[in-house]
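Remarks on the structure that follows.
The values are calculated or read from the model by the stated rules, or taken from the named source; none is laboratory data. Remember, it's a predicted structure, so these values are computed and weren't measured experimentally. Cβ placement follows ideal geometry from the backbone for every residue including glycine, while neighbour counts extend to all protein chains displayed.
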Amino acid sequence: MASLTLRLPDDLHATVKEHANADERSLNKELVVLLREAVTAREAAKAREQAEG
């Protein structure tokens, strides 16, 4: 697994940390989940655009 140092604005860090706590996840796991959702949504949007061509 790759390692990454990430700098976040304080307000975004606090918001993601709150979500992680609510979902009983670590901050790292919450960020992975959010990134996967964003990448999946972007790929689906691109696929729709190509299909509509």
Six or more apart or on different chains, Cβ under 9 Å: which pairs go from a residue in the stretch 18-46 that's within 21 Å of residue 4 (Cα to Cα) to one that's acidic (Asp, Glu) and in a helix (DSSP H, G or I)? Could you list them? 19/30; 20/30
Loosely packed, with under 11 Cβ neighbours inside 10 Å, in a helix (DSSP H, G or I) and modelled with pLDDT of 95 or more - does that describe any residue in the stretch 23-31? no
